[in-house]
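Structure record follows, encoded as structure tokens.
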Amino acid sequence: MAHAHNNLPRSLASLPHEIIEAILSEIDQIPDLLSLALTSRANAAIVIPTHTEYRKLRIRTPMSAMWAHLAQRADLARNIREVQLCARQDYTAPDRFPVSLVDDSLQDYNEENRINCLCMALKHMKRLTTFVWQYEADAKAGLRTLDHRHEEMILSSLVQVPNLRHLILGGQCGVHVRDGKGIERQIYP
């Protein structure tokens, strides 16, 4: 008599691609993904870099090619759980961003295009739970929007993220917001 477990797939790689992606998309932690990748070469090929590089972003520079890449690749952007746009001088932790699949030819120094790509990428991040924006006065860093419309576009995009639970805005976010009397306020209403 044959046992029921003999009909089970012998490895993750033998499952249909859509099932594998659905399973891996549920794994939040990078160390857990790496543990799975270390079990076999086949699993490593599935997990690295399409999952290991797409869980947490921590950047201190504009990264327009990365934002364009994430705007184009919703299948990868949807797995990002945390975005930290840090002050340029914040060296408390290393930067973390995708590099393996990003096409450097997407680099665009037009601020309007970068913000549009950033907003589109944020809309793709269906599993995003945390967004941290350390807004700094130094425009050279490129993480501070020079036009208040850009800041509003980014925040409007975040409103559409279904799983966002933590929103941290530091520094000068919202200094352009005015109350009903035209007086600038330091916080959003």
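Electrostatic bookkeeping for Ala93 treats Lys and Arg as +1 and Asp and Glu as -1; over the other residues with beta carbon under 15 Å from its beta carbon, the sum is +3. 3J(HN,Hα) couplings calculated from phi for segment 104-112 with the Karplus curve 6.51 cos²θ - 1.76 cosθ + 1.60 (θ = phi - 60°) are, in sequence order, 5, 5, 7, 4, 9, 8, 7, 4, 4 Hz; Gly and Pro show x. Taking amide H as placed 1.01 Å from N in the peptide plane, Arg58 has its amide H under 5 Å from the amide H of Gln84, Arg96, Phe97, each at least 5 places away in sequence or on another chain.
With the highest mean first, a sort of the peptides 18-25, 80-87 on other beta-carbon atoms found within 10 angstrom per residue produces 80-87, 18-25.
Any read-out appearing in this document is the output of simple, stated calculations on the displayed coordinates, not a laboratory observation. These numbers come from a predicted model, not from an experiment. Because the Cβ atoms are built from the backbone with ideal geometry, glycine has one as well, and the counts that use them run over all protein chains shown.
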